[in-house]
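Reading through the structure tokens given below for one structure.
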Amino acid sequence: MSKKVHIKTYGCQMNVYDSKRMADVLKPHGYELSDDAENADLVILNTCHIREKAAEKVYSEIGRLRATKDEKAADGKNMFIAVAGCVAQAEGPEMMRRAPAIDMVLGPQTYHRLPDMLKAAEEQRTGGRRSARVLDTDFPVDTKFDHLPDDSTFDGPAAFLTVQEGCDKFCTFCVVPYTRGAEYSRPVADIVAEAKRLVAKGVVEITLLGQNVNAYHGDDGQGGTASLGELIAELDKIEGLGRIRYTTSHPRDMDDELIFAHRDVASCMPYLHLPVQSGSDRILDAMNRKHTREDYFAIIDRLRAANPDLALSSDFIVGFPGETDEDFEATLDLVRRVKYAQAYSFKYSPRPGTPAAILEEQVPEDVKSERLARLQDLLNEQQLAFNEASVGKEMDILLEREGKYPGQLLGRSPYLQAVHVDVSSADNALDAGADKPYSEYMGRLVRVKIVESGPNSLKGELVSTLS
Ligand code: 5AD
Ligand code: SF4
């Protein structure tokens, strides 16, 4: 009999990829994915530990799930609660103590062992216990990638593919080196094989993922290692793969091969997420970022010289310990100089176990809030300006899902902007008999003219029909 698993994903795209892979691992064991936690036999919370709020959300969700689990138990039904991801890795034993409703805790490097953990949990529960107590947060010597099934279900034309994991950079605010472990790059051949399987299923766009994706140096199968630029060139050869993206990059690892991929490789999208975190050298040094603001400007200049069409994105932290008004002004100045298409910005939140958490001179909360608001005003202004500049342009849009209104599909521009496209009036959209006449456009790259812009999305009209 088939069982149901509900997976709730928090945090970054790496977690989105991991959640999908967990579903792939469980499928041969009779577990089907379900949107509904109430009726699931197994609920997995794939957690994020990057900021305090992200971790706290997990505990409130466990509280809600405990009630469901108790109700089901009263009806004689079983439900397992598993916590995966970075909170699990960082706080596993503590979580088990704090939340007795949890049956299983597994880290980002051990989810290929989920079936074994489930078996152990089932055995413990048949002993009449309310919850099992299975904990597996090792960093195994053999990589999970060698144990993940090849088969993966298709869930849209844009897919994630993890090529690199972990981080050796140790920025002083960040938990990633502790929760995801040391840097590891998958071999080129494995990545190419996975990409080909995705494309065979209908995937048109692949985003290569890694906490430090441009530090990629995977086995090239010829006794050497390939850089991310070389990997992208290799993937570009796959017929049917129209778009390649990658995230997240570190300025230190932005080498020429990768920069030139933005000039020379047609499928390499003109969009780059390159976090700078701060515009002040003093703060960058205290963050152990290993680059200065001038280094960052120099990289941006090289990138824009290689491809003037490149759109940029970044992450920022405001209120890092010791950040003065002057440091913050330097961040605003950097933003004004670079001009971003979009960006993420956060208030510094101390993470236990990281060096910055114990620094004196923590910035008061109200100062952080005020700085964040000012920075976000500026970034929003830039994003709006970038979107407005798209109006009148023609671009290729990958149509990924249904839009809000009938006849409308939602896609992404090369610059990752969300674009609503009305396909209902297109000549060949009206194929009689189809319940959704425009469905044949789904998952396709189409030429679109942008006619309207807003802060978070664009509107476009088809300029070509499907060939
Ligand atoms: N506080 C605030 N933001 C953080 N980030 C990482 N750690 C912290 C922290 N302790 C942000 C960084 C990173 C993004 C993924 O999250 O900007 O690039
Ligand atoms: Fe964290 Fe810095 Fe590594 Fe990025 S480079 S994952 S911010 S330690």
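Every read-out reported here was derived from the displayed coordinates using simple, explicitly stated rules and does not represent laboratory data. Keep in mind it's a predicted model, so treat the numbers as computed, not measured. When we count neighbours, we look across all protein chains shown, and the Cβ atoms used for this are built from the backbone with ideal geometry, even at glycine.
Computed on the Cα trace of the chain, the radius of gyration divided by the Kirkwood hydrodynamic radius gives Rg/Rh = 0.97.
Comparing Cα centroids, the range 93-148 and the range 41-67 end up 16 angstrom apart. What is the distance in Å between the Cα centres of the range 226-295 and the range 375-421? Here the two parts' Cα centres lie 22 Å apart. Quick one: of the DSSP bridges fully inside the range 99-217, what percent are antiparallel, nearest 5? Beta bridges within the range 99-217, antiparallel portion: roughly 20 percent.
Figure the gain on full extension for residue 13 and residue 309 (residue separation times 0.36 nm, minus the Cα-Cα span) and round it to one decimal in nm.
Length difference between fully extended and current span is 104.1 nm.
Of 309, 150, 264, the sequence from fewest to most neighbouring Cβ atoms within 10 angstrom is 150, 309, 264. Calculated [222 nm] ellipticity per residue, helices only, for the chain: -10500 deg cm²/dmol; basis is -39500 (n - 2.57) per DSSP H run with n ≥ 4, divided by all residues, nearest 500. Arranged from fewest to most other beta-carbon atoms within 10 Å of their beta carbon, 35, 315 become 35, 315. Counting only residues at least eight positions apart within a chain, or on another chain, the aspartates and glutamates with an alpha carbon under 20 Å from that of residue 72 are 32, 35, 36, 38, 41, 61, 103, 122, 123. Counting only DSSP beta bridges with both residues in the chain, the antiparallel share comes to about 35 percent.
So if we plug the beta-carbon distance of residue 447 and residue 130 into 1/(1 + (r/R0)^6) with R0 = 60 Å, what FRET efficiency do we get, rounded to 0.05?
According to the calculation, E is roughly 0.55.
Annotation: aspartates and glutamates with alpha-carbon distance below 15 angstrom to residue 339 (same-chain offsets under eight excluded): 301, 309, 315, 377, 381, 388.
Solvent-free Debye calculation, one equal scatterer per alpha-carbon of the range 3-136: log10 I(q)/I(0) at 0.17, 0.19, 0.22 Å⁻¹ equals -0.83, -1.07, -1.50. Cα-based radius of gyration for the range 127-186, normalised by 2.2 N^0.38 Å, reads 1.57. Packing, as the average of other Cβ atoms within 10 Å across residues, places the peptides 124-131, 365-372 in the order 365-372, 124-131, highest first. Taking a straight line from the alpha carbon of residue 393, these lysines sit under 17 Å away, with near neighbours fewer than eight places off in the same chain left out: 449, 459. Taking the inverse of the mean 1/r over every pair of distinct Cα atoms in the range 356-411 gives a Kirkwood hydrodynamic radius of 15.4 Å.
Convex hull volume per residue, computed on the Cα atoms of the range 145-388, equals 138 Å³.
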